[in-house]
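The values are calculated or read from the model by the stated rules, or taken from the named source; none is laboratory data. Small disclaimer: the values here were computed from a predicted structure and weren't measured. Reconstructed Cβ throughout: ideal geometry from the backbone, glycine too, with neighbour counts over all protein chains shown.
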Amino acid sequence: MSENQNVEAKAKKKSQWADIWRRLKQSKPAVLGLVVFILLCLMAITAPLFFDYEQDVIRINVQNRLQPPSAEHIMGTDDVGRDVFARVVWGSRASLSIALRIVGFSLLVGGAIGSTAGYFGGVYDNVVMRIMDIFQAIPGILLAITIVAALGPSTNNLIIALTASSCPVFARVVRGPVLTIREVEYIEAAKAIGAKSHTIITSHILPNCLAPIMVQFTLSVAGMILGIAGMSFLGLGIQPPEPEWGGMLAASRTFIRDHAYLAFFPGLAIMLTVLSINLLGDGLRDALDPRLKT
């Protein structure tokens, strides 16, 4: 490929991303979701600058227990005197970082399975996708509970469990476009000049599958945050005293009648995070759909 062709290809790719951004900006809910999600990420990243983990997040101070929201503790304190606001902020670090890791691992494993199955087809495709069907036939949360119950509750086992339950989704999302793209002319041309299969998949096929992958990745992060919260609520996820929104909800059950704020603020954090990501995911889906170009 000549230098002029390289420049033209880069310019075309840049214009495509600019066009996607332009369409995304036209969706006010998507922009709102993006802004809220960025603020949540900034809150998670900067949490250590405002709250000391040992002193403000996990240290027990019985004298301050169950204080309602006030100027000193804007979200009140929990049953052992820990500041709820500090724990909600630090809980965002756990929820977001673990959710991104789970979805990232799921994309790598599921994407590899789906892309190879779609590209090679035949018996390999049938066997692999029937295995994925078996995994998808089991409810994700039930599979995760089974794995964590067998391995023991811990953050690493939680990541393994939720990754295993979400890989089949990415395998199917990637496989579909690969089945179509493998038949186009430039793939045949790449095969004709002797390009290896892994080069064709990674350099020519997967870059053209980015639209559904990006949408699924975004929406899966929201689902994983709910999954992490649900597992922690059941006592099978992140273990105390490390703050996590689902675990905070579980700890508030005993006091919810007289101290509803203990459940309200972690629940609000989960709701805002999931809502913002879903709004962003819906906007991305519309922006990446070529049929909706204006």
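Do we find a residue being exposed (fewer than 15 other Cβ atoms within 10 Å of the Cβ), under 30 Å from Thr218 (Cα atoms) and in contact (Cβ under 8 Å) with a residue 40 or more places away in the chain anywhere in the stretch 82-94?
no
So which residues in the stretch 55-90 are out of contact with any Phe, Trp or Tyr (no Cβ under 8 Å at 6 or more places or on another chain) and in a helix (DSSP H, G or I)?
If the condition is that a residue be out of contact with any Phe, Trp or Tyr (no Cβ under 8 Å at 6 or more places or on another chain) and in a helix (DSSP H, G or I), then Gln55, Asp56, Val62, Gln63, Asn64, Arg87 are the ones that fit.
If you go through the stretch 46-56 one residue at a time, do you hit one that is under 27 Å from Pro241 (Cβ atoms), acidic (Asp, Glu) and in contact (Cβ under 8 Å) with a residue 24 or more places away in the chain?
Yes, because at least one residue in the stretch 46-56 is under 27 Å from Pro241 (Cβ atoms), acidic (Asp, Glu) and in contact (Cβ under 8 Å) with a residue 24 or more places away in the chain.
Taking the stretch 181-231 only, how many residues are surrounded by fewer than 19 Cβ atoms within 10 Å (Cβ to Cβ), under 16 Å from Asp289 (Cα atoms) and not hydrophobic (A, V, I, L, M, F, W, C)?
3
Look at the stretch 23-34 and say how many of its residues are closer than 13 Å to Gly281 by Cα and either aliphatic (A, V, I, L, M) or not in a helix (DSSP H, G or I) (or both).
Adding up the residues that qualify gives 6.
Within the set of pairs 6 or more residues apart or between chains, which connect a residue that is over 16 Å from Ile74 (Cβ atoms) and surrounded by 17 or more Cβ atoms within 10 Å (Cβ to Cβ) inside the stretch 244-268 to a residue that is aromatic (Phe, Trp, Tyr) and at pLDDT 90 or above with Cβ atoms less than 6 Å apart?
Qualifying pairs under 6 Å: Gly246/Phe233; Leu249/Phe233; Ala250/Phe233.
Which pairs have Cβ atoms under 6 Å, sit 6 or more apart or on different chains, and link a residue in the stretch 210-235 that is closer than 18 Å to Leu279 by Cα to one that is assigned to a helix (DSSP H, G or I) and among the basic types (Lys, Arg)?
Val215/Arg285
I'd like the full set of residues that are touching a Gly at 6+ places or on another chain (Cβ under 6 Å) and among the acidic types (Asp, Glu), limited to the stretch 200-258.
Glu244
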